[in-house]
Amino acid sequence: MMDNVFLHDVPLAQAWDRLMSALAAAGLSGPLPGEWIALEQALGRVTAEPIWARLSSPHYHASAMDGYALRADSTRGANDRSPVDLRVGDQAVYVDTGDPLPGWADAVVPIEDAEPIGDGRRATLQSIRLRAAVVPWSHIRPMGEDIVASELVLPAGHVLRPVDLGALAGSGHATVQVRRRPRVAILPTGSELVAPGSAAIAGQIIEFNSLVLGAQVHDWGGEPRRLAIVPDDLEQIKTAVRRAADDGADLILINAGSSAGSEDFSASVVASMGEVLVHGVAVRPGHPVILGMIAVDGRTLPAIGVPGYPVSAALTGEIFVQPLVERWLGRTPSVPTEIEAVITRKVHSSIGDEEYLRVTVGRVGPRLIAAPLARGAGILTSLVRADGIVRIPAGAQGLEAGQLVRVQLYRRPDEVERTIVALGSHDLTLDLMAQFLAGRGRRLASANVGSLGGLIALRRGEAHLAGSHLLDPETGEYNLRYIREYLPETPVVVIGLVGREQGLIVAAGNPHRLTGLADLAAAEVTFVNRQRGAGTRVLLDYHLEKAGIDAAAIRGYEHEEYTHLAVAASVSSGRAACGLGIRAAAEALSLGFVPLFSERYDLVIPREHYDGAFLRPLLDLLIDEEFRHSVAALPGYSLEPMGRIIAA
């Protein structure tokens, strides 16, 4: 075993080189053997060898039309004033499309161009009259027009498409040799894991990483084999690994236990069964990856210890498993579609690691805009919402707002082009909008940066609209003073969206008997706040000052969350006794709610976007009865301001 491999980060390129060298030494770095399968089973498989035509297509001279086969010379001189009559039987023979051409014929006249002489019945027809000459090989598919026997039909390493199967069948093949699918065993480990659908209790984690990894392997052309959950026991994990190897796995993914904690056994398993090549790769998320080779009953195969955090696990699949599967299939490595976009805010990054930053992407005016999503390794929804990845190289300290970056797309470019970008305050109505817009030719991509952050994004030209609910303490009006301050040079239209009930989100039954903000200074009450710049934070500070309550006296005032649902989750989990938020978030998690204030939530839209056609599907929702009904069903919401022009 190599020295100093346990949680010692190495650069990605170096980690990959170590793995490739070990695979080459074991004779495992090239494509897997081929296997013969029927064409009807071959869709999506990769050809293992060049495929040559056994048969020409068509393999005879075939009529391309319903009509009469004849000699072109016999029609010479035919015109309207001097037609040519041909006897049916010896000078012209009827043929259907696809019929073989008589050996003496070299042309076909379409049936609509041949006038019958006589009663017109084909069975008794004796002659046809032609009023135009034809040239040799008219309306004929000559033998080999499509494929000539011995011609290359498909090269090796080609992913078979539906049309390819037709070409193979037409050139005389009923079977095809394809690369065997790499068999990837996925072993979830952890005493805390329970299967999806289980009624998980505190301390138990639903195991879904193997589901994600298995779907990735299948998507890349491999054969995933999801194994049963194994508890944190070294010998049980080793037994499961041996069994997977004996069952023919080409690669074993040991999920979780790749760090260096007391119950992290992946490195020990690989070390005891073979050699740890790498323990720690300088990428984030995903740095505690293990790369190794194991030996079972004289057979050597690679094993990868995959981090347990969901985002780390999924990205480990993309970084290491996908290129390995493609190599074994003999496929050209996938090259993701890349675009250039402007990053919307400053991003800090660890100088020693390469970071994979998830972003949403949309076109705003002439520029493509990339808005960073939550960066935690455990936030799988950030991958669900992500339109692409920005790779921040090792050595860089991060990205500056407005910097041009390269984005590796997860979506098609046409999806990006029809994306409405909404930055600003979080509201559940935006999620409903995204649902309704999906059937109206638009996507809605939103990032929660707070009301002030949304206005700043509009000033920079980084969003089509911003959700905002900023209270002016002096006038009691919402948003207008802040728009004048932050968007003095940007003409905007302010449209009312909803009225919302704000209050204290508390545990079910309100065990602390909270009635208002004055109760937040109680010693046993822990509060969870919204981030600076959020409308809810502004609302809180306004009423604290109005009531003469010192924010420093509130335990947890500095504890920040970015959405109403995140505040509710903090209360539900017991991290906080209460937080200020909307009633709908409280009821979504079956929590209690103490109503305190009513507020208006507006959409702020630059005039150039409001007047254009791109946002019309979104604006039309404001008068759509089905959408309005769905919003009205949200607890604590009012439709009174919806669609009303507040300022223009």
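Here are the numbers for the structure shown:
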{"read-out": "Selection from segment 518-536 of residues that are in contact (Cβ under 8 Å) with a residue 60 or more places away in the chain and surrounded by fewer than 20 Cβ atoms within 10 Å (Cβ to Cβ)", "value": "GLN531, ARG532, GLY533"}
{"read-out": "Hey, TRP36 loosely packed, with under 14 Cβ neighbours inside 10 Å, over 30 Å from GLU275 (Cα atoms), modelled with pLDDT of 95 or more and of a type outside the set (Ser, Thr, Tyr) or not", "value": "yes"}
{"read-out": "Neighbours by Cβ (under 6 Å, 6+ apart or cross-chain): first from segment 181-197, farther than 17 Å from ALA313 by Cβ; second surrounded by 23 or more Cβ atoms within 10 Å (Cβ to Cβ)", "value": "ARG181/GLY222; PRO182/GLY222; PRO182/VAL325; PRO182/TRP328; ARG183/ALA249"}
{"read-out": "Residues being touching a residue at least 60 places away in the same chain (Cβ under 8 Å) and surrounded by fewer than 19 Cβ atoms within 10 Å (Cβ to Cβ) - total across segment 467-486", "value": "2"}
{"read-out": "Unmet criterion (only one of (1) touching a strand residue (DSSP E or B) at 6+ places or on another chain (Cβ under 7 Å); (2) not in a strand (DSSP E or B)) for GLU275", "value": "(2)"}
{"read-out": "Conditions (1) farther than 21 Å from ASN448 by Cβ; (2) surrounded by 20 or more Cβ atoms within 10 Å (Cβ to Cβ); number of the one not met by ARG412", "value": "(2)"}
{"read-out": "Residue among ARG179, ARG183, ARG161 that is buried (at least 21 other Cβ atoms within 10 Å of the Cβ), charged (D, E, K, R) and out of contact with any Cys (no Cβ under 7 Å at 6 or more places or on another chain)", "value": "ARG179"}
{"read-out": "Filter result for LEU432 (buried (at least 23 other Cβ atoms within 10 Å of the Cβ) and either of a type in the set (Ser, Thr, Tyr) or not assigned by TED's automatic domain parsing to the domain that holds ALA566 (or both))", "value": "no"}
{"read-out": "Filter result for the condition that a residue is in contact with a Leu (Cβ under 7 Å, 6 or more places away or on another chain) and either in contact (Cβ under 8 Å) with a residue 24 or more places away in the chain or over 22 Å from GLU561 (Cβ atoms) (or both), over PRO595, PRO617", "value": "PRO617"}
{"read-out": "Segments classed as strands (runs of 3 or more DSSP E), wholly inside segment 17-106, with at least 1 members that are farther than 24 Å from GLN126 by Cβ, in contact (Cβ under 8 Å) with a residue 12 or more places away in the chain and touching a Ser or Thr at 6+ places or on another chain (Cβ under 7 Å)", "value": "34-38"}
{"read-out": "Residue in segment 279-288 that is assigned by TED's automatic domain parsing to the domain that holds PRO307, closer than 15 Å to VAL184 by Cβ and outside any helix (DSSP H, G or I) present", "value": "no"}
{"read-out": "Filter result for the condition that a residue is surrounded by 17 or more Cβ atoms within 10 Å (Cβ to Cβ) and among the polar types (S, T, N, Q), over SER82, SER63", "value": "SER63"}
{"read-out": "Hey, VAL567 assigned to a helix (DSSP H, G or I) and buried (at least 18 other Cβ atoms within 10 Å of the Cβ) or not", "value": "yes"}
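Per-residue answers, yes or no, for (1) among the charged types (D, E, K, R); (2) more than 19 Å from SER598 (Cα to Cα); (3) modelled with pLDDT under 95:
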| residue | (1), (2), (3) |
| --- | --- |
| THR419 | no, yes, no |
| THR429 | no, no, yes |
| GLY439 | no, yes, yes |
| VAL449 | no, yes, yes |
| GLU462 | yes, yes, yes |
| LEU487 | no, yes, no |
| GLY496 | no, no, no |
| LEU504 | no, no, no |
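The values are calculated or read from the model by the stated rules, or taken from the named source; none is laboratory data. Being a predicted model, the structure only gives us computed values, none of them experimental. Positions of Cβ are generated from backbone atoms using ideal geometry, with glycine treated the same way; all protein chains shown enter the neighbour counts.
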